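**Q** Sharing a structure below in structure tokens format, with a few things to ask.
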Amino acid sequence: MNDTPGWASPGSAPSDGRAPGASGPAEPSDRPGPAQPAAQPDADPQSPGPKWSKEQPPPAQWSAPTGPQQPGQATPPPPPGPGWGTPPPGPAHGGWRGAPGGPGAPGPGPGGYAPYGGPGGPGGWGTPWGGPPPAAKPGIIPLRPLGVGEILDGAVSTMRTYWRTVLGISLTVAVITEIIVVLVRGFLLNDLLDTSALDNPDATLGELARVTGEAMAANFVIFVISLIGTITATALLATVTSRAVLGKSVTTAEAWRDARPQVLRLFGLIGLLLLILVGIVALGAVPSILVAAAGGGGAAVAFSTLLIIGAAVVALWMMVRLSLAPPALVLEKQSITKAMTRSAKLVRGSWWRIFGIQLLALIIAYVIAMIVVVPFVLIGATVDGGGISAFIESGTGLGWTFLVISGIGSVIGSMITLPITAGVLVLLYIDQRIRREALDLDLARAAGVQGYAATPRS
């Protein structure tokens with residue numbers, strides 16, 4: 001099955017009864033050739049003479065030419081074009097091109113018939129083929145391979161059409177996640193994290209390394225908390241987006257009931273993906289650390305840098321290759337390993353496209369989040385620290401006023417960005433299945449579209 005299935009154009013198979021590959025234009029079998037004189041007017045049309053072909057059309061379809069038209073006699077209908085059926089009506093005269101009196105008619109031939117020309121020329125048999133019919137669109141996307149704009153528009157349309165369910169899920173997850181983050185920052189990180197060594201010019205290398213390690217650990221804790229919230233929102237919003245593709249709404253309770261059996265597996269999947277990424281990065285970082293500790297020269301440092309860059313590239317490649325595993329696990333009810341295998345199969349051959357679309361979605365979400373969050377950060381810094389400059393120069397822990405005000409901004413930003421990122425991921429998964437597995441046929445049947453793509457796609 002092709003990645004981008006095409007449409008079969010008319011004329012792909014011989015329809016005029018002649019063998020494929022035969023040369024020469026198709027002519028009616030009873031039409032006199034250049035070397036054949038026309039039949040005499042008094043000849044019996046039902047008794048083929050030596051000037052007629054041995055193969056005759058079935059009776060009662062159209063009459064053979066009988067000579068000049070008599071006064072008062074109606075003009076007989078023209079013979080059908082070979083392989084095309086009844087010619088479509090012309091735009092001006094209500095008939096077909098090439099018919100007597102029609103546009104481009106060169107005049108009557110034997111028996112009052114106007115000769116038929118080739119497509120697009122004088123006396124052609126109708127307008128050219130107009131391309132495939134438009135795809136059915138029962139929900140937020142048309143049931144065909146999607147473009148970048150259609151994927152982004154589908155994610156936004158889901159949020160706009162089913163805003164009660166989508167924003168309700170996003171708001172609930174964002175509030176719970178941000179409350180935990182604020183408590184961790186206020187009670188744990190402010191007491192455990194001492195950044196005074198960063199402002200001390202006489203600090204030793206060990207003190208700087210300790211502060212850097214503590215800061216990285218603190219940020220990792222916050223990242224894990226946010227990731228758990230994002231996973232939960234993705235599982236719930238995947239169900240909403242998949243129903244929105246069919247034009248069917250779903251409540252928050254229905255989304256949770258459908259996604260709940262897969263939430264634990266989804267956590268296990270994300271944890272396994274994190275371990276894989278950390279292991280890849282560690283394979284490149286550990287040799288670099290050992291070389292630096294051994295006091296290697298400039299060549300050793302350059303080699304270590306290349307190892308770290310190479311490990312980062314491999315980690316990025318693996319992350320994109322397995323990025324469709326979460327929607328595969330939730331929507332197909334797959335196990336962790338099978339979901340990863342499904343993602344690798346769907347991404348194969350489309351890595352750059354999927355990477356570009358996900359990167360574009362993350363940039364859009366980040367810009368929206370910054371537009372929402374930055375004003376709250378400035379307000380919190382002004383209220384809590386007497387101004388943003390004093391807040392930056394203090395070097396002390398974050399105050400509760402700042403944490404609460406900035407947390408409100410983070411909740412609003414997450415409520416908007418979570419549906420976008422989750423929707424793009426689910427629609428990418430659906431788009432790849434349409435391209436690889438003709439999922440649009442199953443979606444059309446599930447949506448109740450009548451007569452959609454009756455012919456299987458090859």
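**Q** Projected area of the range 142-182, taken from the Cα convex hull and averaged over every viewing direction, in nm²?
**A** Averaged projected area of the range 142-182's Cα convex hull equals 3.9 nm².
**Q** Moving to a separate point now. Quick query: amide H of I141 versus all other amide H atoms, modeled in the peptide plane; which residues come in under 5 Å with a sequence gap of 5 or more or a different chain?
**A** none
**Q** Still on this structure, I have one more. Length gain on complete extension for the stretch T341 to V314, per 0.36 nm per residue less the alpha carbon to alpha carbon distance?
**A** Extra length from T341 to V314 when fully extended: 8.0 nm.
**Q** I want to check the label-to-label distance for W352 and W256. Put each point 7 Å from Cα in the C-beta direction and report it in nm to one decimal.
**A** 4.5 nm
**Q** For K333 and Q450, compute 0.36 nm times the residue count separating them, minus their Cα-Cα distance, and round to one decimal in nm.
**A** Value of the extension gain: 39.3 nm.
**Q** Additional query: Mind giving me the nanometre distance, one decimal, between the label points for A215 and V263, set 7 Å out from Cα along Cα→Cβ?
**A** The answer from the label model is 3.6 nm.
**Q** Continuing with the same structure: Please work out how much length the chain gains when fully extended from Y366 to L283, using 0.36 nm per residue of separation minus the C-alpha to C-alpha distance, in nm with one decimal.
**A** The span from Y366 to L283 would gain 26.9 nm if fully extended.
**Q** Taking the range 224-320 on its own, what percent of its Cα-Cα pair distances exceed 21 Å?
**A** Percent of Cα pairs beyond 21 Å in the range 224-320: 54.
All of the numbers you see were taken from the coordinates with simple rules; none came from a lab. Everything quoted here is computed from the prediction, not taken from an experiment. For neighbour counting, all protein chains shown are included, and Cβ atoms are generated from backbone atoms with ideal geometry for every residue, glycine included.
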